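The structure appears right after this line, and notes come after that.
The values are calculated or read from the model by the stated rules, or taken from the named source; none is laboratory data. Everything quoted here is computed from the prediction, not taken from an experiment. Every residue, glycine among them, receives a Cβ derived from its backbone with ideal geometry; neighbour counts consider all protein chains shown. For accessibility, only protein heavy atoms count, side chains too; no ligands or nucleic acids. Shrake-Rupley method; radii C 1.70, N 1.55, O 1.52, S 1.80 Å.
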Amino acid sequence: MTTIIPVNQKCSVCGYTSPQKVLGSTNSWGYPDLDFRPAPMQRDTMFTWIVECPNCGYVAGNLENGSEIRIDFVKREGYLTCDGNEFISDVARRFYRRFMIEREIGNDYQCFLNLHRCAWSCDDNEDPLARDIRMLAMEYLDRIIDLDTNERDALLLIKADFLRRTSQFDKVIEEFKDITFDDERYTQIIRFQILKASESDSDCYTGKEVFEE
């Protein structure tokens, strides 16, 4: 089961204390999506993964963690308007703002991670911005994919899914047709991605369609 705990957090940017909802525990049943988005119930807790100060608009996993930005950054028009993106979901907006903070800091991995989660939230709300966010996320994914040797295979799988979900079918086939992995399950996923790309299919799939059907 999932438990949500109410806590007060003091914002490390403006000093304002506000009530926030923090994830206490959760579980996950079933296969994740092919871009590693967790299955329910864990996927339904995204609103706790990042919180917002109601006073200044700073966003973080925990508002009390020390921030590398100052209050003038969160007052900028670009930050307030999310670079002009009008998200349907407040959760997507918060993840995008965290991306903007990480972009200011210069952390490419966290830029990618927050855009990835922003796209998930867009998916939940059938927000057409999901495609644009994945396109932007791929810029950062390409920068980190060869730097993180421990996660390189998983990042390649995410890239394949991003390309197919943004209808770049020819790229999926060309970039991944000759790739195999030590983990046979990863190779199965890539073959599935190539099959769906050949069918011009940009739908979301989980591991169930790969391994059980």
Scanning the stretch 192-213 residue by residue, those farther than 18 Å from Ala154 by Cβ and open to solvent by 30 Å² or more (accessible area, probe 1.4 Å) turn out to be Leu195, Lys196, Ser198, Glu199, Ser200, Ser202, Asp203, Lys208, Glu209, Glu212, Glu213
Apart from one, (1) at pLDDT 95 or above; (2) within 13 Å of the chain's Cα centre (by Cα) all hold for Lys75; the odd one out is (2)
Subject >> Some residue of the stretch 173-182 being within 20 Å of Val59 (Cα to Cα), assigned to a helix (DSSP H, G or I), modelled with pLDDT of 95 or more and open to solvent by less than 40 Å² (accessible area, probe 1.4 Å) >> reply: no
Log entry, pairs with first residue in the stretch 36-61 being part of a loop (DSSP other than H, G, I, E, B), second being among the basic types (Lys, Arg) and surrounded by 21 or more Cβ atoms within 10 Å (Cβ to Cβ), beta carbons closer than 8 Å, six or more apart or on different chains, reads Ile50/Arg94; Ile50/Arg98; Ile50/Arg117; Gly57/Arg97
Among Thr149, Thr166, the single one that is β-branched (Val, Ile, Thr) and at pLDDT below 95 is Thr149
